Amino acid sequence: MRVLIIGASRGIGLETVKQALEAGHNVRAFARSSGQVNITHARLEKIVGDALVPKDVESALKDVDVVIQTLGVALNAKMIMEAVTVFSEATRVLLPAMIDQGVSRLIAVTGFGAGDSQRSISPLQRLPFQAIFGRAYGDKHIQEDLIRNSGLNWVIARPGVLTNGRRTKSYKVLTDPGTWKNGVISRADVADFLVQQIDSDAYLSKTPVLRY
């Protein structure tokens, strides 16, 4: 597969680049700072671009089979105090571009607390979660709705609290809302799940929570 990874220069995105290459895929790493990705590989193409700029996204989508969207924002005072719109804005750019170019499979990362998983946040966690992450997750709710209504073949992964731990492959993939609760998971294990979805239909149109 030729895989476009949006947000490829750090975090989950960078881990996904590494693991997608290991799995034998052709990878197009897309980010404003993709030139700083310290990986060299015959099947890796680095594309410098902005996920909010339609012409950048349209160019990156050429001849792509699958898109993995791994957007993120820094945890700082600005994220807490000001409106966050990058998740929905980037998705509004991406979806019509995918449809126009006939790219039908989208694997996106949001997080535990997005969409209907918000109801599974424990009462003790709800207030601090809303105070710190409320603006970002409000925008992730919109992002998820856009993807659900896109008509594409999609998977939305909702990891718990992220760590920089190693890939264990021993995480849980929870699709039943009755089993959803917050937990931790490494970025490497989130990437492991994402790469598995490149050529698997097991979780199409599902929103699994990922945790240990």
If r is the Cβ-Cβ distance from ARG148 to THR40 and R0 is 25 Å, what FRET efficiency results, to the nearest 0.05? 0.10
Rounded to the nearest 5, what % of the DSSP beta bridges within the chain are antiparallel ones? 10
The answer for the chain, counting only DSSP H helices whose Cα atoms cover 20 angstrom or more along the axis and whose Kyte-Doolittle average is -1.0 or greater, is 86-100, 123-148
Ascending count of other beta-carbon atoms within 10 Å, so fewest first, for ILE107, ILE147, ILE132, ILE198: ILE132, ILE198, ILE147, ILE107
Give, in nm to one decimal, the length gained when the segment between VAL86 and GLN125 is fully stretched (0.36 nm per residue of separation minus the Cα-Cα distance). 11.6 nm
From the list [x] 113; [y] 149; [z] 131, can you say which value of volume of the Cα convex hull per residue in Å³ was derived from the structure given? [x]
Per-residue Cβ neighbour rank within 10 angstrom, fewest leading, HIS141, HIS41: HIS41, HIS141
Going 7 Å from the Cα of SER170 toward and past its Cβ, which residues in region 180-200 have a backbone nitrogen under 16 Å from where you end up? 184-190
Sorted by Cβ density within 10 Å, fewest first, the residues ILE12, ILE5: ILE12, ILE5
Distance in Å, no decimals, from the C-alpha centre of region 149-212 to the one of region 14-89 is 18
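Here, each number is a calculation from the coordinates, and none is a lab measurement. Model, not experiment: these values are computed from the prediction. Glycine also receives a Cβ, built like all others from the backbone with ideal geometry; neighbour counts cover every protein chain displayed.
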